[in-house]
Every structure is written in C-alpha cells, then in structure tokens.
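Visitor: Please see the structure below; I have some questions.
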Amino acid sequence: MDVRNTLSLAGGLLVLGAVGYYWGGFGKDDSPLLNTDTSHLPDYDVVAIDGKQTNELGQVTHTLKAAHLVHYPQRDNSVVTKPLVTLYKDGIATWQISAQQALTSNNNRELQLNQQVLGKRINGQALSLETETLTANQELQTLTTAAPVIIRAPQGQISSVGLSANLQESTLTFTAQVRGTYVLPPH
C-alpha cells in the first residue's frame, strides 16, 4: 500500500512536469519581455519651448511658445502641446494663433493646429478667428481649414464652413455656408 501511494505520487508529479514543460514555456524559444523595436518612439522631447525664426535679413518671421514638444523621426513630425504662434511681416508682429495641440510636418514647414484654435490680429483693426482645426503653411504664408470658422471684428462677424487666408496678400476666402452680420457704427 505504501509503494502504491509513492508510485501514484511519482506518476502525478511526472504528468505535472510534462504539462509544465510543454504549456509552461520551458520548451519554447526565448523571447524578450520588452519590444526592442524603437522606430515608433520619439527621438527627443522638449519642455517649455520659446523659439523664433528669422529670415535672411535677420527679421523675425515667426515665434513659437509651447508647453511641450515630442518629435518622431520615422514620420518626421512633432506633436506640440499648447502652442502659441506669433506671425510677423517685415519684422512686425501681425497675428497670434493658439491651440490646445499642433502637429508639424514637411520638415516643420506645415503646422496643423487642433482643438480650440484662436487667432487674433495684433496690429491694425481688431480681428479674431475661432475654429477647431487650422493648417498654416510657412512657405506659402497661408492658413486653411475645412472646419466651421467664426471671424469677429468690431463691426460684426462672419461665420463660414471652411476658410483660406493668404497672409502676404491679406486676403480671406470663405469656402461655404457664409453668413455675416454688420453693425453700422454710431454717428
């Protein structure tokens, strides 16, 4: 009786060992616990950005202030948190644009602002712009969006679905569903 219990126990342990060997991973190839592919990871991360870019004459063309920037080399783009962009013409600040987030692409020539995009003219007549997404092209000096836009001025406001702006020519083109109100100034 004592031998039978010992053989049963030994047989049970043998079965458990075999099951553990095949199902427990002892018979499998070694695989790393961590993924070593780093191509999707950022190559740099910057906090509290305050930068400016100048032209060949040394005049400031635009400045960027932001809380955080993360750059991804594989896609050559960056994610910017809480950007504040100031645009300049002939060395004079003309527009200030802010958003909750921005994505840069095309070697930082294109900036797509997202979530609570607010723009305001700094010099000249007061003018403000509100939308949810806005793409700025540095080379062409253009702003475009297909999202609803509201532009406010002291005399009224214009709303539209979509907008195209040329900053060099100081022109605005409203794409669709344009609606405006104009208030005559008091005499």
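The values are calculated or read from the model by the stated rules, or taken from the named source; none is laboratory data. Small disclaimer: the values here were computed from a predicted structure and weren't measured. So basically every Cβ, Gly included, is an ideal-geometry build from the backbone, and we count neighbours across all protein chains shown.
Visitor: If we keep just the residues of region 90-120 that are out of contact with any strand residue (DSSP E or B) (no Cβ under 6 Å at 6 or more places or on another chain) and either β-branched (Val, Ile, Thr) or assigned to a strand (DSSP E or B) (or both), which is modelled with the lowest pLDDT?
Guide: ILE92
Visitor: Just one of (1) loosely packed, with under 13 Cβ neighbours inside 10 Å; (2) modelled with pLDDT under 90; (3) within 28 Å of ASN77 (Cα to Cα) trips up LEU143, so point out which.
Guide: (1)
Visitor: Next question, about the same structure. For region 64-99, how many residues are surrounded by fewer than 17 Cβ atoms within 10 Å (Cβ to Cβ), within 24 Å of ASN123 (Cβ to Cβ) and among the hydroxyl-bearing types (Ser, Thr, Tyr)?
Guide: Count: 1.
Visitor: Let me ask something else. Exactly one of these conditions fails for LEU140: (1) of a type outside the set (S, T, N, Q); (2) outside any strand (DSSP E or B); (3) in contact with a Pro (Cβ under 6 Å, 6 or more places away or on another chain). Give me its number.
Guide: In the conditions (1) of a type outside the set (S, T, N, Q); (2) outside any strand (DSSP E or B); (3) in contact with a Pro (Cβ under 6 Å, 6 or more places away or on another chain), LEU140 misses (3) alone.
Visitor: ALA48 - would you say it is touching a strand residue (DSSP E or B) at 6+ places or on another chain (Cβ under 8 Å) and part of a strand (DSSP E or B)?
Guide: The answer is yes for ALA48.
Visitor: Which one is farthest from LEU41 (Cα to Cα) among residues in region 69-99 that are of a type in the set (D, E, K, R) and more than 14 Å from the chain's Cα centre (by Cα)?
Guide: ASP90
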